[in-house]
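The values are calculated or read from the model by the stated rules, or taken from the named source; none is laboratory data. Quick caveat, the model's predicted, so the values are computed rather than measured. In this analysis, Cβ positions are derived from the backbone assuming ideal geometry, glycine residues included, and neighbour counts consider all displayed protein chains. These accessible areas exclude ligands, DNA and RNA; they are computed on the full protein's heavy atoms, side chains included. Shrake-Rupley method; radii C 1.70, N 1.55, O 1.52, S 1.80 Å.
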Amino acid sequence: DCQQADIKYLSGWKQWKRASSKSLKKVLNEVKELSSYLELWRHDIHSIEGKFGTGIQSYFSFLRFLVLLNFIIFVLMFSFVTLPSVISKYGIFNSSFAKIPPKNIEPHCTVYKPSGNKGLVYFYTYLKDLLSGTGFLEMTSLFYGYYTIDTAWLSILRYNLPLAYLLATFAYLALSLIWIIKRSVEGFKRNLVHDEDQFQSYCNKVFAGWDFCITDPNAARLKHRSLQYELQTDLEEERLKRKIADRTMKEKLRIYSLRIFINIIVIAVLSGCFYSIYRATVFSQENSNVSIRCDVRRDSANLLVQYLPSIVITLANFIAPQIFSFLITFEDYSPAFEIRLTLMRCVFVRLANIGVLLFSLWSQISYCATDKCKACGYNYELYPCWESEVGQEMYKLMIFDFIIILAVILFVDFPRKLLVTHCSCKPVQWCGLQEFGISDNVLEIIYGQTICWIGTFFSPLLPAIATIKYFIIFYIKKISLIHTRKPAARPIRASSSNFFFLVVLLIGLVLAFIPLGISIAHIPSSKACGPFRSFNTSWAVVPDTILGFPTGLQQVLYGITSEAFAVPFFMVICLVMFYFIALAGAHKRVVEQLREQLVMVRFDPLF
């Protein structure tokens, strides 16, 4: 009433401004509400949230985020790399292209004969090519070797494809980084609320621990058990704190010695995994060849040899976490820290395995024993187009990862469900249904996403395969959750899990930067294929493009990259960082004061 009375005394301009502001807010709210109905898997995720709670819902929301991210990366690469190449090659829209032969390059370095299929081809040969990325797939737009155009002309517009290829790579990496950091900051803010002292944590569990999204009675019973487990965990952590405080020097020496010994075993397991992957990759590269004769046995053996690194990596990803879960029980950590440490070890295994595979490939690519090879800068005999070879390895890893996920659900989970349902034997009932482990499933898809980030430079259409893969996995995992698995007895909180997922994804992205940076800036590019044939490395296209700019702009760009600009810029960044650290410290002190005042209010309400 007071506000309505105040409107009478406002000027016509202010009345119109207030009315238009209210109308605009109303329209924006309605648009936001309508757009929420267009959200991918909105109904499915809400139903999962209702039946199984926010913890499992966080996994499916994370999967949706990766589908959207990969789709946008695919649109980016297709629009700026694949589409201009296809349009110019086929002369669509009065377009043309130019191929500039490499200068000052030995003729033997430019020879590239893809292993295409000739003559009568059997169905299993197509299937083998589809699984390994060789044969008819090798010279398609799926792989780096297809993009041999230096310049595309669209009417009168000149399109620099090598520069576009490199900038599109930087763009998808930057987009992924910004989007993940944005989501991580939101999760970090929510996560901070839960990192208070034990008394407030206890109050939150008792008075605000219930998940009101749950409508299913079984899920409600599970939530009861979850809250009970969390309270038991808190009590167990308090008991461990007292136990640690009461430890004698002898006990401390014993437990630290045991932890050192167990970590030595962990390092030995990791070393064994890495060495196995290295040997498998070297053996696969030296012995995989394309058979000229159509022989089923020989083709099958060759396919097995080609997939050997992927098989060894999958076995390492399966066996190593089982060993880590067994060893962690002897280290006497708190339950929460046990979970985090095991997960970080598993993350390291999965992501480091990809790094070892790439290192093995690069050691083979860079090995030169003859002067002819040194003239090219890489092993031109085994790898005339080494970027396509790396792309094929990433393609095989992604396909094999999808096959394993599908096989586990079809040949392990469903038979186990049938046995538990129809067999009353005590051993079968004791085993029960497999738990839907949120963390394990998340690590599975983060591993696949890291492969996609690394592989997109060598296989520009790999994000399209990743989008289709995750789209199918969503429905497979949903069916598996509802029909063949049960929620984990030790679930993790949705707020902390979302933040943890994104942090691990960020680690995967940062690790993807390293091999891509080495490939772009250090390893000589193939002289027989790809858009960078005329350059020593992929990065060399940037200074070559800058040389074509006006002199004034060149001087500005060189000035920005010089030490005279870099040192002051670094100092300013440090000052800004110190300011924000000081501001954060001040905010923390204010929060502590407010908490002290809240405690005082309990004793003296008038205060």
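For R350, are the conditions met, namely being part of a helix (DSSP H, G or I) and surrounded by 19 or more Cβ atoms within 10 Å (Cβ to Cβ)?
It is true that R350 is part of a helix (DSSP H, G or I) and surrounded by 19 or more Cβ atoms within 10 Å (Cβ to Cβ).
Looking only at residues that are open to solvent by 10 Å² or more (accessible area, probe 1.4 Å) and not β-branched (V, I, T) in the stretch 516-526, which one is nearest to the chain's Cα centre (by Cα)?
Among residues in the stretch 516-526 that are open to solvent by 10 Å² or more (accessible area, probe 1.4 Å) and not β-branched (V, I, T), the one nearest to the chain's Cα centre (by Cα) is G517.
In the stretch 236-259, how many are exposed (fewer than 11 other Cβ atoms within 10 Å of the Cβ) and not polar (S, T, N, Q)?
Of the residues in the stretch 236-259, 6 are exposed (fewer than 11 other Cβ atoms within 10 Å of the Cβ) and not polar (S, T, N, Q).
Could you list all residues from the stretch 209-230 that are open to solvent by 60 Å² or more (accessible area, probe 1.4 Å) and in a helix (DSSP H, G or I)?
P217, N218, R221, H224, R225, Q228
Would you confirm whether or not the stretch 229-240 contains a residue that is among the hydroxyl-bearing types (S, T, Y), modelled with pLDDT of 75 or more and out of contact with any Asp or Glu (no Cβ under 7 Å at 6 or more places or on another chain)?
No; the residues of the stretch 229-240 include none that is among the hydroxyl-bearing types (S, T, Y), modelled with pLDDT of 75 or more and out of contact with any Asp or Glu (no Cβ under 7 Å at 6 or more places or on another chain).
Any idea which of (1) more than 30 Å from P107 (Cβ to Cβ); (2) at pLDDT 85 or above is the one A566 doesn't satisfy?
Of (1) more than 30 Å from P107 (Cβ to Cβ); (2) at pLDDT 85 or above, only one is false for A566: (2).
Condition (residue is within 23 Å of V266 (Cβ to Cβ) and either crowded, with 19+ Cβ neighbours inside 10 Å or touching a residue at least 40 places away in the same chain (Cβ under 8 Å) (or both)) applied to the stretch 373-380: is it met by at least one residue?
no
Name every residue in the stretch 562-586 that is open to solvent by 90 Å² or more (accessible area, probe 1.4 Å) and under 33 Å from the mean Cα position of the chain (by Cα), in order of residue number.
Within the stretch 562-586, F569, F570, M571, L575, M577, F578, Y579, F580, I581 meet the criteria.
Being of a type in the set (S, T, N, Q) and either touching a residue at least 40 places away in the same chain (Cβ under 8 Å) or open to solvent by less than 40 Å² (accessible area, probe 1.4 Å) (or both) is the filter; apply it to the stretch 135-173 and report the residue that is nearest to G391 (Cα to Cα).
Among those residues, the one meeting the criterion is S141.
Within the stretch 364-373, can one find any residue that is in a loop (DSSP other than H, G, I, E, B), more than 28 Å from the chain's Cα centre (by Cα) and at pLDDT 80 or above?
No, because not a single residue in the stretch 364-373 is in a loop (DSSP other than H, G, I, E, B), more than 28 Å from the chain's Cα centre (by Cα) and at pLDDT 80 or above.
Name the helices (runs of 4 or more DSSP H) wholly inside the stretch 378-494 in which the number of residues that are at pLDDT 85 or above is 3 or more.
386-408, 438-455, 462-483
Go through the residues of the stretch 386-407 one by one and say whether even a single one is under 13 Å from I523 (Cα atoms), charged (D, E, K, R) and open to solvent by 40 Å² or more (accessible area, probe 1.4 Å).
no
Condition (residue is more than 21 Å from P460 (Cα to Cα), at pLDDT 75 or above and of a type outside the set (A, V, I, L, M)) applied to the stretch 63-78: is it met by at least one residue?
Yes, the stretch 63-78 contains a residue that is more than 21 Å from P460 (Cα to Cα), at pLDDT 75 or above and of a type outside the set (A, V, I, L, M).
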